[in-house]
Amino acid sequence: MKANDNRIIIEGIKISNPDKVIFEETAITKGDVSRYYAQVAERMLPYVSYRVLSIVRCPKGISQTCFYKKHPGPSSKGVVTIPVSASNGEKEDYFYIENASGLIYEAQMGTLEFHTWGSRVDELEKPDIMVFDLDPDEGMDLSRVRQGVRDMKNILVELSLNSYLKTSGGKGYHVVVPLEPTVSWEVFYDFARRVAQVMEQKWPDRYTSNVRKAKRANKIFIDWIRNGRGATSIAPYSIRARKGAGVSMPIAWNELDTVAPNGVNMAEALQRISGNDPWKDFFQNAQQLK
């Protein structure tokens, strides 16, 4: 078979070099990645479509150079370009996807990670998904990280906010709050900061809201900064471009003590989507920031 015949078609999109190995230690190929995104599309798209994206591409596999991309290229098929005003008033082109074809197109281009804005493109200046990333200091015992998640959930309950849990595919967990798109980025960002500061003030030996590494010794950094305009966070169901092919996976609250932050890989993610969706009522909360 000639090299240029080495193609598969998924959702109508030609995947070139499907046998290219992307994750060496698990022999996961480009074809596997493309099929994964086709299979999770139905669950994933509500959190990813019509949101400005930043992506991580690893066209030669994760052992080679990967790169971040947040502006569309000249031949960006499968994506929609959107001009966004920067703080200086100038417009820059960003991009989003609409459907499963957009996901598969990105996989064909070597994309592994999808990071999203906290707002949809039709309400760009009114965010609706708030994310708190609990980022532990190196070597911290997992039981302390899990306690951090519980503490965060309890603070949000006191504020009458439902929250949802997902693995990061890395060191920590993400606590995610769905909101109605009613307030500005400034109000949204300020609220997220104050939640992190409440945790820091209540348990100063456990948590910090300060981004500086020096302040994090033996503490969990409550990363609220990704709730600013233009910041992004890893999307639910996204693969991580790291050894082990972990996934940022929605899990039920009662799984906190049994699923590690990097405890769901691509194969397990596919098994999980055949069962109940722990986030099925995510967009039915009608919660608002005052």
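What the table below lists for this structure:
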read-out	value
Folded to 0 to 90 degrees: helix 30-48 orientation relative to the chain principal axis, Cα	40 degrees
Point-charge dipole on Cβ atoms (K/R +1, D/E -1) for the chain, about Cα centre, debye to 20	560 debye
Principal-axis tilt of helix 185-202 within the chain, Cα atoms, nearest 10 degrees	60 degrees
Computed [θ] at 222 nm, deg cm²/dmol, the chain (DSSP H ≥ 4; -39,500 (n - 2.57); rounded to nearest 500)	-8000 deg cm²/dmol
Accessible-area order (highest first, 1.4 angstrom probe) of the listed residues Thr208, Thr26, Thr65	Thr65, Thr26, Thr208
With every protein chain in place, region 143-290: carbon and sulfur % of accessible area (1.4 Å)	47 percent
Percent carbon-and-sulfur accessible area, region 43-126, ignoring ligands, DNA and RNA, probe 1.4 Å	49 percent
Size of charge dipole - region 110-210 - debye, nearest 20, with Cβ of Lys, Arg +1 and Asp, Glu -1, no other charges	380 debye
In region 183-243, the chymotrypsin sites (Phe, Trp or Tyr not before Pro) that fall in loop regions by DSSP, at most 13 other Cβ within 10 Å	none
For region 70-224, alpha-carbon Rg and Dmax in angstrom	17.8, 51
Among Asn17, Gln39, Tyr50 - extreme Cα towards positive end, dipole of region 1-56, charges at beta-carbon	Tyr50
Qualifying lysines (Cα of each under 27 Å from Cα of Lys14; at least 8 residues distant if same chain)	Lys2, Lys30, Lys60, Lys69, Lys70, Lys77, Lys243
Alpha-carbon radius of gyration plus Dmax, which is the widest Cα pair, for the chain in Å	19.1, 65
Heavy-atom accessible area per residue - the chain, 1.4 Å, Å²	47 Å²
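The values are calculated or read from the model by the stated rules, or taken from the named source; none is laboratory data. Everything numeric here is computed off the predicted structure, so don't read it as measured data. In this analysis, Cβ positions are derived from the backbone assuming ideal geometry, glycine residues included, and neighbour counts consider all displayed protein chains. Protein only, heavy atoms only, side chains kept; ligands, DNA and RNA dropped before computing areas. Shrake-Rupley method; radii C 1.70, N 1.55, O 1.52, S 1.80 Å.
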